[in-house]
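Input: a single structure, listed below in structure tokens.
The values are calculated or read from the model by the stated rules, or taken from the named source; none is laboratory data. Since this is a predicted model, take the numbers as computed values, not measurements. Positions of Cβ are generated from backbone atoms using ideal geometry, with glycine treated the same way; all protein chains shown enter the neighbour counts. For the accessible areas, the whole protein counts, side chains as well, though only heavy atoms, and no ligand, DNA or RNA atoms are used. Shrake-Rupley method; radii C 1.70, N 1.55, O 1.52, S 1.80 Å.
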Amino acid sequence: MAEIEVPSEVTGTVWKIEVAVGDTVKAEDTIMILESMKMEIPVEAPAAGKITKILVSEKDGVEEDQVVAIIES
Amino acid sequence: MKAAVLREQNKPMEIEDVEISKPGPREVLVRPVAMGVCHSDLHFLNGSYPYMLPTILGHESAGIVEAVGRDVTYVKKGDHVITCLSAFCGHCDKCLTGHMSLCSSPEVSRKAEEEPRISQGGQPVHQFLNLSSFAELMLIHEHALVKIREDMPMDRAALIGCSTTTGVGAVFHTAGVEPGTKVAVIGCGGVGLAAINGAAIAGAGQIIAVDMVDSKLELAKIMGATHTINAGKVDAVGEVIELTQGGCDYTFEAIGLKATAEQAFKMLGRGGVATVIGMIPIGTNIELHGVELLAEKKIQGSNMGSNRFRVDMPRFVDFYLNGKLHLDEVISKRIKLSDINDAMEALKTGQDARHVIMMD
Ligand SMILES: [Zn+2]
Ligand SMILES: [Zn+2]
């Protein structure tokens with residue numbers, strides 16, 4: 001079991017969270033959608049696993065490299 | 001309606017039927033007549049910039065208003081418009097200090113809980129940059145368009161919707177090029193050519209165009225370049241320093257690469273400013289030689305030409321119609337929506353200046 005951090009690649013605002021804690025995801029599944037400079041930018045799962053933590057809420061601001069969720073794989 | 005839907009990065013787009021919603025109170029339904037195929041569409045197609053899929057690309061368009069929402073008074077059915085991705089909210093700090101292109105307010109999009117503007121079988125199709133031009137209809141916020149003169153040809157108006165505004169705006173607004181100064185532009189695609197044309201309008205004394213394709217350098221001369229350099233044959237930085245006898249007052253990078261952004265900085269003379277217009281892929285850092293900063297050299301980014309597009313675009317239309325802005329030469333091919341994938345392939349080779357889709 002490894003805990004994998006899911007970072008945001010860009011600075012933006014959380015527009016929509018697409019998963020819930022306990023969901024199983026595949027690599028490259030969309031975890032959440034950020035709005036940055038009016039672009040919809042997906043945050044994708046770096047690996048397959050189970051979502052154990054979601055560290056932000058919709059409308060929150062996030063920074064580049066900020067960890068927004070944790071996956072257990 | 002029909003649209004070119006992108007389902008997977010680096011895969012061809014397919015012409016599919018999608019549903020478009022009804023205009024909300026502040027929304028406008030536009031029937032695009034002409035749409036440019038822009039290099040930044042390619043960045044999203046190949047994934048160097050991530051975007052939600054499926055989506056409909058296209059963000060450089062001109063068309064005719066088809067219907068307006070309840071609260072829209074700025075335009076009416078039949079008006080000719082250019083669309084712009086710099087939709088502004090009109091009341092944030094950035095908007096109120098005249099920097100509308102930096103507005104990041106999400107209110108020009110529909111909220112996550114609202115019905116999406118575009119969908120297919122009940123599933124959302126993500127609107128690209130609040131526009132999604134490669135379609136028969138566009139449903140956009142009223143602050144994502146500007147009214148224009150009806151004697152302006154639509155295909156050339158479309159170019160003003162992105163490449164012209166990005167290039168000319170970088171020269172006029174981001175950099176503020178002064179008459180008589182020395183300018184170099186790296187990259188002679190649609191945006192670079194527009195920057196060269198903008199520098200000529202601004203009265204720059206020396207305008208050096210840099211590219212690796214001779215046909216583009218020929219176009220650069222038509223735009224107003226006083227000198228051209230084929231960077232595939234000579235050391236562009238050394239050549240620019242020599243031609244300007246010590247470096248430029250202003251340089252513009254219109255490709256979006258680490259190497260060329262760094263070259264733009266190296267081409268500066270004392271006190272010069274490099275403006276990076278190109279979209280450098282996410283995750284790429286650029287390096288500068290620190291000591292150069294002692295000579296007060298500067299580097300800055302430019303997004304959509306720091307535009308105030310409701311003011312700028314009608315002026316650019318006038319520039320075209322009175323012969324100062326050269327758009328006829330920029331359009332290399334007029335195509336149909338169904339030819340979109342070929343146009344994207346052509347962009348990858350970098351040979352052609354610009355393909356414009358014409359709707360029937
Ligand atoms: Zn563009
Ligand atoms: Zn605003």
*asked:* Which condition from (1) more than 14 Å from every other protein chain (Cβ to nearest Cβ); (2) in contact (Cβ under 8 Å) with a residue 24 or more places away in the chain is the one that B:P50 breaks?
replied: (1)
*Residues being surrounded by 14 or more Cβ atoms within 10 Å (Cβ to Cβ) and out of contact with any His (no Cβ under 6 Å at 6 or more places or on another chain): count how many of those fall in segment B:330-341.*
7
*Is it the case that some residue within segment B:151-174 is buried (at least 21 other Cβ atoms within 10 Å of the Cβ), more than 20 Å from B:L347 (Cβ to Cβ) and of a type in the set (S, T, Y)?*
yes
*For segment A:3-72, please list each of the strands (runs of 3 or more DSSP E) lying entirely inside it that holds at least 2 residues being open to solvent by 40 Å² or more (accessible area, probe 1.4 Å) and within 14 Å of chain B (Cβ to nearest Cβ).*
A:12-17
*Hits in segment B:294-325 (condition: open to solvent by 50 Å² or more (accessible area, probe 1.4 Å) and over 30 Å from A:G12 (Cα atoms))*: B:L294, B:E296, B:R315, B:D318, B:L321, B:N322, B:K324
*Name the pairs whose Cβ atoms lie under 9 Å apart, with the first residue in segment B:283-306 and more than 14 Å from every other protein chain (Cβ to nearest Cβ), the second open to solvent by 60 Å² or more (accessible area, probe 1.4 Å) and in a loop (DSSP other than H, G, I, E, B), and 6 or more positions between them or separate chains?*
B:K297/B:L288; B:I299/B:I286; B:I299/B:L288
*Here are some residues: B:L57, B:L102, B:L85. Which one is within 11 Å of ligand 2 (Cβ to nearest atom) and within 21 Å of the chain's Cα centre (by Cα)?*
B:L102
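So that you can scan it fast, the table gives a plain yes or no per residue for (1) modelled with pLDDT under 95; (2) surrounded by fewer than 23 Cβ atoms within 10 Å (Cβ to Cβ):
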residue	(1), (2)
B:V5	no, yes
B:E14	no, yes
B:P25	no, yes
B:V28	no, no
B:V33	no, yes
B:C38	yes, no
B:H43	yes, yes
B:Y49	yes, yes
B:L53	yes, yes
*Which ones in segment B:25-44 are outside any strand (DSSP E or B), more than 16 Å from ligand 2 (Cβ to nearest atom) and more than 14 Å from chain A (Cβ to nearest Cβ)?*
B:P25, B:C38, B:H39, B:L42
*B:G271 versus (1) loosely packed, with under 13 Cβ neighbours inside 10 Å; (2) closer than 29 Å to B:F44 by Cα; (3) more than 14 Å from chain A (Cβ to nearest Cβ): which is the lone unmet condition?*
(2)
*For segment B:80-104, name all the residues that are within 25 Å of B:L57 (Cβ to Cβ), in a loop (DSSP other than H, G, I, E, B) and away from ligand 1 (no atom under 16 Å from the Cβ).*
B:F88, B:C89, B:C103, B:S104
